[in-house]
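Enquirer: Here's a structure for you.
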Amino acid sequence: VLVPILVDVELVREVTLSGPREIRNLRNGDRVELAYRLFNAGNGPDTLLIDAQGPTGWVAKAEPNGVIVVPARRAQEIVVRVIVPPTSSIGDYAMQLFIRDVASGEAVATTYTTLGLTGRGGSAAGLILRSTLAGTTTSS
């Protein structure tokens, strides 16, 4: 006996966040724009809070900043403007971009971008920027 089961899913939530491409040979004092892509793959709009946190002493500002509404199946570009402090030394730093659900306050997507001031291996000294980890959440 086959019994059909009908499932009516009212709301599917799925948000993905992808980070910027690698950027090389930046210098102390440079101003950099990091482009992130936020995609709402769910079937309803999501109201999200955007929060960029730069390394200690670095200026990092996201646009749009604060609360945004992303319609279903639409992408939203988030640009984070970063200023590399003139006093930065060789080493690795982490810039974080958090996307939180406004209603629950829970993180729905997070990316960590590594900022490393380099001058090793015969390469030109400069900042290498890599997106090292991106997270995605799905719920229904």
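Each reported figure results from applying straightforward, stated rules to the coordinates on display, with no laboratory input. Please read these numbers as outputs of a predicted model, since none were measured by experiment. Glycine also receives a Cβ, built like all others from the backbone with ideal geometry; neighbour counts cover every protein chain displayed.
Enquirer: Could you work out the local net charge near residue 103, counting Lys and Arg as +1, Asp and Glu as -1, over the other residues with Cβ closer than 15 Å to its Cβ?
Expert: Computed value for this residue: -1.
Enquirer: What net charge do the residues around residue 86 carry, taking every other residue with its C-beta under 10 Å from that of residue 86, with Lys and Arg at +1 and Asp and Glu at -1?
Expert: That sum, taken over residues with Cβ under 10 Å, equals 0.
Enquirer: While we're on this one: With θ set to phi - 60°, apply the Karplus curve 6.51 cos²θ - 1.76 cosθ + 1.60 along the range 100-113 and write out the HN-Hα couplings as whole Hz, x wherever there is a Gly or Pro.
Expert: 10, 6, 5, 5, 9, x, 7, 5, 9, 7, 9, 9, 10, 10
Enquirer: OK, next. Is there a quick way to get the dipole size of the range 1-116? I mean about its Cα centre, with the Cβ of Lys and Arg at +1 and of Asp and Glu at -1; what is the value in debye to the nearest 20?
Expert: That gives a dipole near 440 debye.
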